[in-house]
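Each reported figure results from applying straightforward, stated rules to the coordinates on display, with no laboratory input. Since this is a predicted model, take the numbers as computed values, not measurements. Cβ sites come from the backbone with ideal geometry, for glycine too, and all protein chains shown count toward neighbours.
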Amino acid sequence: MTNGTEKWRVKHQQIISYEVVNSYNLFHPQNPSLLSAGKGNGARRFVVVDHYVYEKYSEKIREYFHFNEVEAKIIPFRGGEDNKTVESYLSIVRELDAFPIHRRDEPILAIGGGVLTDTIGFVASTYRRGVPHIKIPTTLMGYIDASIGIKTGINFDEYKNRLGSFSPPKMVLLDRSLLGTLPRRHILNGVCEIIKLAIIKDLQLFQMLEADGAYSVDTFFQDERGGAILDRAITGMLEELEPNLFEEELARKVDFGHTFSYGLETHHEAHLLHGEAVLLDIVLSVLIAKNRNLISNEETGRIFQLLASLGIVLNTSVLDPQTLWESLEERTYHRNRQQRVPLPNGLGECVFVNDICRDEVELSLKNLEDWITVKHDHNIK
Ligand SMILES: NC(=O)c1ccc[n+]([C@@H]2O[C@H](COP(=O)([O-])OP(=O)(O)OC[C@H]3O[C@@H](n4cnc5c(N)ncnc54)[C@H](O)[C@@H]3O)[C@@H](O)[C@H]2O)c1
C-alpha cells in the first residue's frame, strides 16, 4: 500500500511523413525544390556539400541561393568512412553555432553520399534537440538506400554507426544527374544494394538488371533505362522500410547481405566499400541457400552471370571462416539473440533462418571459388 498516486502514463503519437521526390536540375535557380520545405525569400540555409560535388557545383549552388534571396552558408565536407567521426560531427555543430538558423523553418540541406547524410542527419537530430533537415544524395548508395530512410549515425571507436538516431528528414530530393561524376567503383557499390533487393524480393527488378544493368552502369544511370531501375529499387526499399521504420521487427529482408558483411567491413575497412562487403555476404548467403535447396542451380548461375555481366570482381581474398562466423554471432546478438538471416527462397522471395551452422558457412566459402571459376570457364563478360 502506498499513499497517493502510484504512477502516471504519458502517451503521445507523432505521425512520420516525408516525401522522396525525383527533381531534375536541382540547382537551376528556378527549380523551387531545394527551398520548398521551409521559408524561402529572406531566410537562411545551412548547406553541407560533399567535397567533390562542391568542386563541381559550388558556384551554381551559390547562384541558386543568391537568385532566390536566401542567405546560405555552404560548407564542403569530405566523404569516406574516415570522416564519419565525432570530430566531424562537432566541427559541423560549431559551424552551425556560428550561423544560427531558425529551428523550425530553415532546414539544413545535406548534399552528399551516405557518410555525409548520416552525419548531418545526426547533427540535425541532436542540435538544439532537433532541427529539420533535407537529404540530397549524390552517390548511388545514398540514392537508393542511405538517404531515403530515417537512420542517422556516426562511427565511434571501432564501431560503425555506434552513435545515431532515428530521425526522419523533412524530405529527400533525388537528382540522378548528380551521380554522373561518380567513380565506377562507387556506382557498382550502390548497384550491390540493388542486387540485394532484386534477389530477396523482386524478380522483376532482377530481370531489369539482367536486361539493362550493364548498360546502366556504363551510362551512370543517366537515361530512362537506368532511371527505371532506380525507381523500382527505391519503391522496393521503401516498401520494406515504411512499415518498420524504427526496426521493431528484427527479421528484415533488407538485412540480406548484412550478416557476414559486418565483420568484413570492420576488419577490412581500408579495402572494402559497404556495398562490396554486402555483395560478398550475398553470394555466400546464396550458396548457403543453394546447399539447403532453397534456390536452384540455374538461379544461382543467373546471379553469378549477372555479376559478371556488370563487370563485378569479387574480392574473395578478405574471406576467412573465423571472421564470417564471428560476424554472424555478433549480428545474432544484435538481432536479439536470434540469427534471423534472410536467405533467398527462389529468385525474388525470402525466408528467415535461425540455424546456420559453421560447417555451412565453410562449405559455401569452398563452393564460392568453384562458382567464380565456372563463370570464367563460360567466358561470361
Ligand atoms: N542511414 C542508412 O540507412 C544507411 C544505409 C546504407 C548505408 N549507409 C551509410 O552510408 C555510408 C556509405 O555511403 P557512400 O557509399 O555514399 O559513401 P560516401 O558518402 O563516403 O561517398 C563515397 C565517395 O564518393 C564521393 N562522392 C560523393 N558524391 C560524389 C559525386 N557525385 N561525384 C563524385 N564523388 C562523389 C565522396 O566524397 C566519397 O569519397 C556508410 O557510412 C554507411 O554506413 C547508411
ask   = What area, in nm² and to one decimal, does the C-alpha convex hull of the chain cast on average over all directions?
value = 22.3 nm²
message = List the residues, sorted by chain then number, that are 5 or more residues from LYS151 or on another chain and whose placed amide H is less than 5 Å from its amide H.
response = SER167
ask   = Which GluC sites (Glu not before Pro) in segment 152-236 pass both tests, a DSSP loop state and at most 11 other beta-carbon atoms within 10 Å?
value = GLU158
request  = Determine the relative contact order of segment 19-180: mean sequence separation of Cα pairs under 8 Å and six or more apart, normalised by residue count, in whole percent.
outcome  = 27 percent
ask   = How high is the relative contact order of segment 97-219, in percent, with contacts defined as C-alpha pairs under 8 Å that are six or more residues apart?
value = 22 percent
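Given a cut-off of under 8 Å on Cα pairs at least six residues apart, what relative contact order in percent is computed for the chain?
On the way: 632 pairs, mean separation 51.1, N = 381.
13 percent.
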key: Share, in percent, of DSSP beta bridges within the chain that are antiparallel, nearest 5   = 30 percent
request  = For each of ASP50, ASP82, count neighbouring Cβ atoms within 10 Å of the residue's Cβ, then give the residues from fewest to most.
outcome  = ASP82, ASP50
query = What is the set of long-range amide H partners of ALA72 at a cut-off below 5 Å, with H atoms built 1.01 Å from backbone N?
reply = ARG45
query = How big is segment 183-377 on each of its three principal axes, counting only the C-alpha atoms and giving the largest first in Å?
reply = 44, 43, 35
query = In deg cm²/dmol, rounded to 500, what helix-only [θ] at 222 nm does the chain give when every DSSP H run of at least 4 residues adds -39500 (n - 2.57) and the total is split over its residues?
reply = -14500 deg cm²/dmol
key: Between segment 126-182 and segment 17-74, the alpha-carbon center distance in angstrom   = 17 Å
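Going by how many other beta carbons lie within 10 Å of each one, how would you line up ARG9, ARG184, fewest first?
With the fewest neighbours first, ARG9, ARG184 line up as ARG9, ARG184.
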note = Residue by residue through segment 217-233, the couplings from Karplus 6.51 cos²θ - 1.76 cosθ + 1.60 with θ = phi - 60°, in Hz, x for Gly and Pro, are 5, 4, 9, 6, 6, 8, 10, 4, 5, x, x, 5, 5, 5, 4, 5, 5
task = Please arrange TRP371, TRP8 by counting, for each residue, the other beta carbons lying within 10 Å of its beta carbon, fewest first.
result = TRP8, TRP371
key: Overall Cα dimensions of segment 151-294, principal axis frame, Å, largest first   = 44, 41, 34
query = Sequence-distant or interchain residues sharing an amide H contact under 5 Å with CYS350, placed H: which?
reply = ASN345
ask   = Based on the mean of other beta carbon atoms within 10 Å per residue, what is the order of 339-352, 121-134, 305-318, most packed first?
value = 121-134, 339-352, 305-318
